[in-house]
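Presented below is the structure to which this report refers.
The values are calculated or read from the model by the stated rules, or taken from the named source; none is laboratory data. The structure presented is a predicted model; accordingly, all values stated were derived computationally and were not measured. Here Cβ is always computed from backbone atoms with ideal geometry, including for glycine, and neighbour counts include all displayed protein chains.
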Amino acid sequence: MPAPLFVTIVLDGAGVGDAPDADAYGDAGADTLGHVIRQQRPALPNLTRWGLGHLVDGLPAAGPPEASWGRLTERAAGKDSTTGHWALAGLVLETPFPTYPDGFPPDVVDAFCRKAGVEGILSNAPASGTAVIAALGEEHQRTGQPIVYTSADSVFQVAAHVDTIPLDALYRMCQIARDEVMVGEHAVGRVIARPFAGEPGAYERLSAKRKDLSLLPHAPTLLDDLQDAGVRTVCVGKIAALFGGAGVDEEIKTAGNADGIQKTLDAIRAVTEADVPTFIWTNLVDFDELYGHRNDPAGYAAALEEVDAALPAFEAALPDGAVLLLTADHGNDPTYPGTDHTRERVPILLFRKGETAGQDLGTAGTFADHAARVAGHFGRSAHRPGENRG
């Protein structure tokens, strides 16, 4: 028998309907995949074959599905990527990370300017990244002041043109913000460097050079547990950054969904040859960054078709007994008012190589069940919240 392999791919922001507490977040009625699929009618034969139609109205509920299907509910306080991924790793936040709907207070701004060595900042408000760069990019280039903004999530984001503030300098000021400014009561989930290039009216964010500086988890997670058990942990995309590198054996950076899909396939093939127990955890960020936040359901639908087209290659690459699980970390409905994340349940589609029919995993599970399920695959019992429900 080949060494155990479990692969989780997070379709970032791909929720499947509002969570029971969506009202408290202002997200009643959000349904990312449902709205995209019903409005755009993407061709998703493989996801349908796996059972997505049992989770989303608008696709045939083909049966029996070849993968197991279900929904997970977030119990942690918050709907950002860090909160979601930590919960998927069994670390459930009871208190949400701080957010700044009115911008950062004067003491934070003053401390950042003083420690980072800048005369001032631009924006200091919740904003869409593309919009704030378009609006303030020219002034930023003229004054040299970085664009500092936030969102509905717990983030301190610094945008700078690479010809005005070079990458190394941008990364350095973000590290200062992480280590010396956004601490204590202001310990946000992530400090994010957002470099961009181009000319006024045609600025372009350099997503491949984005850098996320996450708050380190305050307790061990699934990744640490697996390492302790001798399971190799490989993180593709932004996963490693969300955990500050804790519990990660190998980080593979990506430039968008297509690159993430290919690098995950490459990692599966490499692991199969090495025959070492391995957990591969991938995040496909384009769903969230390019289509959810930008209210682009057509782009979202095309990205779903891209994943769908890749499923046969994944099925072929997996060794017998290996698992591929598709899920999400929160919602980000591109048809919903606003440009922020939405509080939704997330899907589970679990394909096990060698099995021909899946089972209904229900809706009772929480994000932490993912951690229990992965641990169970490697013969470990998760000592965290969550159950291995099938």
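Being in a strand (DSSP E or B) and under 30 Å from residue 301 (Cα atoms) is the filter here; which residues of region 224-240 pass it?
If the condition is that a residue be in a strand (DSSP E or B) and under 30 Å from residue 301 (Cα atoms), then 234, 235, 236 are the ones that fit.
So in region 127-148, with the set limited to residues that are under 23 Å from the mean Cα position of the chain (by Cα) and surrounded by fewer than 20 Cβ atoms within 10 Å (Cβ to Cβ), which one is nearest to residue 215 (Cα to Cα)?
It comes out as 128.
Which one is nearest to residue 278 (Cα to Cα), of the residues in region 1-23 that are modelled with pLDDT under 95 and hydrophobic (A, V, I, L, M, F, W, C)?
3
Take residue 194 and tell me if it is closer than 18 Å to residue 244 by Cα and buried (at least 18 other Cβ atoms within 10 Å of the Cβ).
Answer is yes for this residue.
Could we say that residue 56 is part of a loop (DSSP other than H, G, I, E, B) and buried (at least 22 other Cβ atoms within 10 Å of the Cβ) here?
It is true that residue 56 is part of a loop (DSSP other than H, G, I, E, B) and buried (at least 22 other Cβ atoms within 10 Å of the Cβ).
Name the residue that is modelled with the lowest pLDDT, counting only residues in region 241-266 that are under 22 Å from residue 178 (Cβ atoms) and assigned to a helix (DSSP H, G or I).
Here the residue is 241.
Inspect all residues belonging to region 270-282 and state whether any of them is in the same structural domain as residue 59 (by TED's automatic domain parsing), at pLDDT below 95, among the aliphatic types (A, V, I, L, M) and under 21 Å from residue 328 (Cβ atoms).
no
Would you mention how many residues in region 7-37 are on the phi > 0 side of the Ramachandran plot and crowded, with 24+ Cβ neighbours inside 10 Å?
2
Only one of these is in the same structural domain as residue 124 (by TED's automatic domain parsing) and of a type in the set (Gly, Ala, Ser): 76, 111, 43. Name it.
The unique qualifying residue is 111.
Filtering region 149-178 down to residues that are assigned to a strand (DSSP E or B) and more than 22 Å from residue 341 (Cβ to Cβ), which residue is farthest from the chain's Cα centre (by Cα)?
My answer is 161.
Output the qualifying pairs, or none if there are none: Cβ atoms under 6 angstrom, residues six or more apart or on different chains, first residue in region 84-101 and closer than 20 Å to residue 238 by Cβ, second residue of a type in the set (Phe, Trp, Tyr) and assigned to a loop (DSSP other than H, G, I, E, B).
87/367; 88/367
If a residue has to be farther than 11 Å from residue 70 by Cα and either modelled with pLDDT of 95 or more or assigned to a helix (DSSP H, G or I) (or both) to count, how many in region 359-383 make the cut?
Count: 12.
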